[in-house]
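Q: Just passing along the structure, written as structure tokens.
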Amino acid sequence: MAEIIVVTSGKGGVGKTTTSASLACGLARHGKRVAVIDFDVGLRNLDLIMGCERRVVYDFVNVIQGEATLKQALIKDKRFDNLHVLAASQTRDKDALTKEGVQKVLDDLAADGFEYIVCDSPAGIEKGAFLAMYFADQAVVVVNPEVSSVRDSDRILGLLASKTRRAEAGERVKEHLLLTRYSPARVEGGEMLSVTDVEEVLGLKTVGVIPESPDVLNASNKGEPVILDMESPAGQAYDDAVARLMGESRPMRFTQFEKKGFFSKLFGG
């Protein structure tokens, strides 16, 4: 059976697509057969971050509406043979996605031997976001450590607990917290919520803390998910998050504020 992971948040612009791309690449690097699907109909971005935008011929909606086969629409990643991308449509309405159509695509991917299906959800609680989470076994809730992002994510947790296939069966979606754009210095200065603050408000355990870093934007602009840059703290943090999702225990890095010593201050180090 395929494990379906939805990457979701209440608020836009927190790093869901970056996270979806990095999780998919990380799982593929661990040898898993992975499909990553863009549910953001009308605002396609996943293909850009995955670096395959010029290779999109058919999309998710084409498959659901019978205009193309799943095999025709899946784009094989150039870095990992075991990773495939299913792009969203840029021109269709969000209502083009149906529960029955999404279920058939997910069932067909599972039947084809995919071990993980990563669903890149649009922000908020509209139809695409609902369908991205409905079939999920696990949810990675992406949050910036600020009050508005945390509050909006609380609404998403309510939906995960009540409006999913697992909830209807009396089960729970396994939820994980992933903090993005984290700055220990700003936490220390009281400008940003700490990991513990966010965990306490949302009642979730953290699967990853991604430090604030220009590497994330640079990687996105190059069409290279940041997890592939293992020199980058953000890439290392995503690699840690993938390992934890797979059950490995790793210490949480990039969460402590390093106070400068006397000589560092003196010499500007």
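Q: Looking at the structure I just gave you, is Lys76 farther than 17 Å from Glu224 by Cα and surrounded by fewer than 22 Cβ atoms within 10 Å (Cβ to Cβ)? Before you say what the answer is, go through the steps one by one.
A: Working: farther than 17 Å from Glu224 by Cα: no; surrounded by fewer than 22 Cβ atoms within 10 Å (Cβ to Cβ): yes.
Taking the combined requirement at face value, the residue does not satisfy it.
Q: Within the stretch 196-230, which residues are part of a loop (DSSP other than H, G, I, E, B) and over 17 Å from Leu23 (Cα atoms)?
A: Of the stretch 196-230, the ones part of a loop (DSSP other than H, G, I, E, B) are 203-205, 212-213, 223-225, 229-230.
Gly203, Leu204, Lys205, Glu212, Ser213 - these are the residues of the stretch 196-230 that are part of a loop (DSSP other than H, G, I, E, B) and over 17 Å from Leu23 (Cα atoms).
Q: For the stretch 1-25, what are the residues that are part of a strand (DSSP E or B) and not β-branched (Val, Ile, Thr)? Even if it seems obvious, please write down each step before you answer.
A: The initial filter retains those residues of the stretch 1-25 that are part of a strand (DSSP E or B), namely 3-8.
Correct list: Glu3 only.
Q: Pick from Val195, Val142: which is within 14 Å of the chain's Cα centre (by Cα) and under 21 Å from Tyr238 (Cα atoms)?
A: On the way: Val195 fails: within 14 Å of the chain's Cα centre (by Cα).
The unique qualifying residue is Val142.
Q: Identify the single condition in (1) crowded, with 24+ Cβ neighbours inside 10 Å; (2) more than 17 Å from the chain's Cα centre (by Cα); (3) not acidic (Asp, Glu) that Asn62 does not satisfy, given that it satisfies every other one.
A: Every condition holds for Asn62 apart from (1).
Q: Mind telling me which of the residues Leu46, Leu27, Leu86 ends up being at pLDDT 95 or above, open to solvent by less than 10 Å² (accessible area, probe 1.4 Å) and within 24 Å of Ser153 (Cα to Cα)?
A: Details: Leu27 fails: within 24 Å of Ser153 (Cα to Cα); Leu86 fails: within 24 Å of Ser153 (Cα to Cα).
The match here is Leu46.
Q: Tell me, yes or no, whether the stretch 200-213 has at least one residue that is crowded, with 16+ Cβ neighbours inside 10 Å and without any contact (Cβ under 8 Å) to a residue 24 or more places away in the chain.
A: yes
Q: I would also like to ask the following. What number of residues in the stretch 30-43 are more than 28 Å from Asp229 (Cα to Cα) and surrounded by 23 or more Cβ atoms within 10 Å (Cβ to Cβ)?
A: Start the filter on the stretch 30-43 by keeping residues that are more than 28 Å from Asp229 (Cα to Cα), which leaves 41-42.
Narrowing the set further to residues that are surrounded by 23 or more Cβ atoms within 10 Å (Cβ to Cβ) leaves 41.
Count: 1.
Q: Let me ask something else. Hey, among the residues in the stretch 239-257 that are charged (D, E, K, R) and out of contact with any Lys or Arg (no Cβ under 9 Å at 6 or more places or on another chain), which one's surrounded by the most Cβ atoms within 10 Å (Cβ to Cβ)?
A: Pass one, the stretch 239-257, residues charged (D, E, K, R): 239-240, 244, 248, 250, 253.
Add one more test, that the residue is out of contact with any Lys or Arg (no Cβ under 9 Å at 6 or more places or on another chain), and what stays is 248, 253.
Working: Glu248: 10, Arg253: 13.
Applying the filter and picking the extreme gives Arg253.
Q: Further question on the same structure: Among the listed residues Lys11, Lys76, identify the single one that is over 21 Å from Val173 (Cα atoms) and either among the basic types (Lys, Arg) or at pLDDT below 95 (or both). If you could, list the steps in order and put the result at the bottom.
A: On the way: Lys11 fails: over 21 Å from Val173 (Cα atoms).
Just one listed residue meets the conditions, Lys76.
Q: Okay, next question. Take the conditions of a type in the set (Ser, Thr, Tyr), surrounded by 13 or more Cβ atoms within 10 Å (Cβ to Cβ), within 23 Å of Leu46 (Cβ to Cβ) and modelled with pLDDT under 95 and apply them to Ser220. Does it pass? Please lay out each step first, then the result.
A: Numbers: of a type in the set (Ser, Thr, Tyr): yes; surrounded by 13 or more Cβ atoms within 10 Å (Cβ to Cβ): yes; within 23 Å of Leu46 (Cβ to Cβ): yes; modelled with pLDDT under 95: yes.
Judged against the criteria, Ser220 is a match.
Q: Got a sec? Which of Asp229, Asp215, Asp240 is within 26 Å of Lys78 (Cα to Cα), in contact with a strand residue (DSSP E or B) (Cβ under 7 Å, 6 or more places away or on another chain) and at pLDDT 95 or above?
A: Details: Asp229 fails: in contact with a strand residue (DSSP E or B) (Cβ under 7 Å, 6 or more places away or on another chain); Asp215 fails: in contact with a strand residue (DSSP E or B) (Cβ under 7 Å, 6 or more places away or on another chain).
Just one listed residue meets the conditions, Asp240.
Q: Asp47 passes all but one of (1) more than 19 Å from Ala132 (Cα to Cα); (2) not in a loop (DSSP other than H, G, I, E, B); which number fails?
A: That leaves (1) as the condition not met.
Q: Go through the stretch 223-238 and give me each residue that's open to solvent by less than 20 Å² (accessible area, probe 1.4 Å) and not hydroxyl-bearing (Ser, Thr, Tyr). Steps first, answer last, please.
A: So in the stretch 223-238, the residues open to solvent by less than 20 Å² (accessible area, probe 1.4 Å) come out as 223, 225-227, 232, 234-235, 237-238.
If the condition is that a residue be open to solvent by less than 20 Å² (accessible area, probe 1.4 Å) and not hydroxyl-bearing (Ser, Thr, Tyr), then Gly223, Pro225, Val226, Ile227, Ala234, Gly235, Ala237 are the ones that fit.
Q: Among the helices (runs of 4 or more DSSP H) lying completely within the stretch 91-195, list those that include at least 3 residues that are among the small types (Gly, Ala, Ser) and either open to solvent by 60 Å² or more (accessible area, probe 1.4 Å) or at pLDDT below 95 (or both).
A: Details: elements: 99-111, 127-134, 147-162, 165-168, 184-188.
Those helices (runs of 4 or more DSSP H) span 147-162.
Q: Quick one: is Ser22 in contact with a Pro (Cβ under 8 Å, 6 or more places away or on another chain), crowded, with 22+ Cβ neighbours inside 10 Å, of a type in the set (S, T, N, Q) and in contact (Cβ under 8 Å) with a residue 12 or more places away in the chain?
A: yes
The values are calculated or read from the model by the stated rules, or taken from the named source; none is laboratory data. Predicted model, so just to flag it, every value in this text is computed and none were measured. Here the Cβ is made from the backbone with ideal geometry for all residues, glycine too, and neighbour counts use every protein chain on show. Heads up: the accessible areas ignore ligands, DNA and RNA and are worked out on the full protein's heavy atoms, side chains in. Shrake-Rupley method; radii C 1.70, N 1.55, O 1.52, S 1.80 Å.
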